[in-house]
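The values are calculated or read from the model by the stated rules, or taken from the named source; none is laboratory data. These numbers come from a predicted model, not from an experiment. Virtual Cβ from ideal backbone geometry, glycine too; neighbours counted across all protein chains shown.
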Amino acid sequence: MGIFGRLFKVGEAEAHALVDKLEDPIKMTEQGIRDMKKDLDKSLQALAEVKALAIRSRRDASENKEKATNYEQKAMLLLKKAENGDITPEEADRLATEALARKEECVNFAARAQKEVESFDANIDKLQGNINKLKSQISHYENELKTLKARDRVSKATTKINKSMAGVDSSGTIARLERMKEKVDQQEAMAEAYGDMADEGRSVDEEIDDVLNDGGNEKASNALEELKKKMNK
């Protein structure tokens with residue numbers, strides 16, 4: 001692979017990494033569910049429209065079948081009237097033929113409407129199946145989303161606790177304690193140094209006087225004893 005190909009692969013990897021950082025699984029899942037619900041609404045609307053067409057075709061088929069039966073009955077009545085002498089046979093035949101022609105038209109209309117009903121029913125079954133599947137998927141993803149949100153909360157809380165227990169988040173506190181300890185050690189050292197300096201600052205005369213004062217007290221006591229002995233003589 002050439003240098004440009006390797007550079008392209010590196011850029012592609014960095015782009016994917018950036019997208020992964022920007023993508024929020026929870027928000028993406030919520031958006032996906034919203035999109036699926038929009039599709040569900042459209043499917044329900046389409047199902048209602050197809051059902052309406054099926055109802056209308058079924059009604060047309062039923063009405064035309066009924067009309068066909070009525071035209072056949074009318075043709076029979078016309079022939080009976082001719083037999084009874086109410087109308088001439090020629091008139092009866094003409095009108096009965098027209099009635100039977102209308103009957104045939106109604107039969108054809110009913111047959112076409114029935115085919116439409118069968119086609120619409122097949123579409124309805126297919127749409128209903130897709131809708132049921134879509135509803136099931138939405139329900140499944142909503143449950144998955146609830147689980148994902150719960151896992152997200154638990155993972156964040158667990159990460160925070162584990163970081164605290166592992167000392168990952170206490171570096172700042174430890175640093176502050178170390179600085180405070182160093183400061184106290186320095187203050188103690190300074191106090192001790194000033195004490196040493198105070199002892200070193202005494203003059204030689206002061207040291208002599210201290211030694212003599214200790215001996216002077218002893219001599220004073222001895223002198224007092226001598227004085228008492230003289231007075232008792």
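In table form, for the structure just shown:
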quantity	calculated
Among the residues listed as 102, 94, the single one being in contact with a Phe, Trp or Tyr (Cβ under 6 Å, 6 or more places away or on another chain) and over 26 Å from residue 48 (Cβ atoms)	102
Single match in 181, 219 (criterion: modelled with pLDDT of 75 or more and outside the structural domain of residue 42 (by TED's automatic domain parsing))	181
Criterion: in a helix (DSSP H, G or I), more than 30 Å from residue 131 (Cα to Cα), without any contact (Cβ under 8 Å) to a residue 40 or more places away in the chain and touching a Leu at 6+ places or on another chain (Cβ under 8 Å) - qualifying residue of 78, 100	78
